[in-house]
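The next block holds one structure in the form of structure tokens; read it before the comments.
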Amino acid sequence: MMQFPLPMPEFTTPRLRLRRFTPADLDDCFEWASDEEVARYVYWSAHKTKADTQWFIDFCLNEYAEKGIGPWAVEHRESGKVIGNCSYGAIDITNRRIELAYFFARPFWGKGIAVEAVTPLLKYGFEDLQMNRIEARCMPANLGSERVMQKLGMQFEGILREYMYSKGRFHTAKVYSRLASEWLLRKAI
């Protein structure tokens, strides 16, 4: 049975490099994490100060130290800037299930960046970590995130009414997932 700590590889795609966060990423992260539109449909509030962003980076560093794996910084290869992050928001080793999360700077929305960044996480989760299920959620109004899940070949499963409490109220979530059997079928075609 797999257990923590888990390995956390770097991934390179045509436009991106996925790697661990470092303290040097503070300014880049603050730029997108302080944008109210980026935080509009997520459980965390837009960062008000760089101390908020420092807390996030410290959280990531702690995850790496404790679990071996944590949020990936998504670096735009052309500019060298960190333009967002993607992560396994929750890893359930016993049930071989992972939850995906992703957040990106607004100038990179609608350009296929999220799909490009998350695809290696699907491959790694299914092929290397031997997960059976990878899932993601979004608020119903977050049509961009829903399109990402669809483009990743995830299937709509349903709606979780008032599923999470954030920003002073309960929020409903749409759930999408992909199974290892579906991933392997796609590879065989």
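Every number here is computed from the coordinates shown, using simple stated rules; none is lab data. Remember, predicted model here, so these are calculated numbers, not experimental data. Don't worry about glycine lacking a Cβ; one is built from the backbone with ideal geometry, like all the others, and counts go over all protein chains shown.
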| remark: The answer for the longest stretch of the chain without any exposed GluC sites (Glu not before Pro) (DSSP loop, at most 11 further Cβ atoms within 10 Å) is 79-189
| message | Need the full-extension length gain, S79 to Y43, defined as separation in residues times 0.36 nm minus the C-alpha distance. One decimal, nm. | response | 10.1 nm
| Bridge type composition, segment 11-134 - antiparallel percent by DSSP, nearest 5 | 90
| note | For the Q130, T172 Cβ pair and Förster radius 35 Å, calculated FRET efficiency rounded to 0.05 is 0.65
| Looking at this model, which pairs from K81/K174; K48/K111; K151/K174; K123/K151; K50/K81 are more than 25 angstrom apart at the alpha-carbon? | K81/K174; K48/K111
| Positive minus negative residues near T49 (Lys, Arg vs Asp, Glu; Cβ under 15 Å) | -4
| task | Mind checking segment 23-110 for trypsin sites (Lys or Arg not before Pro) that DSSP puts in a loop (not H, G, I, E or B) and that have at most 15 other Cβ atoms within 10 Å? | result | R40, K48, R77
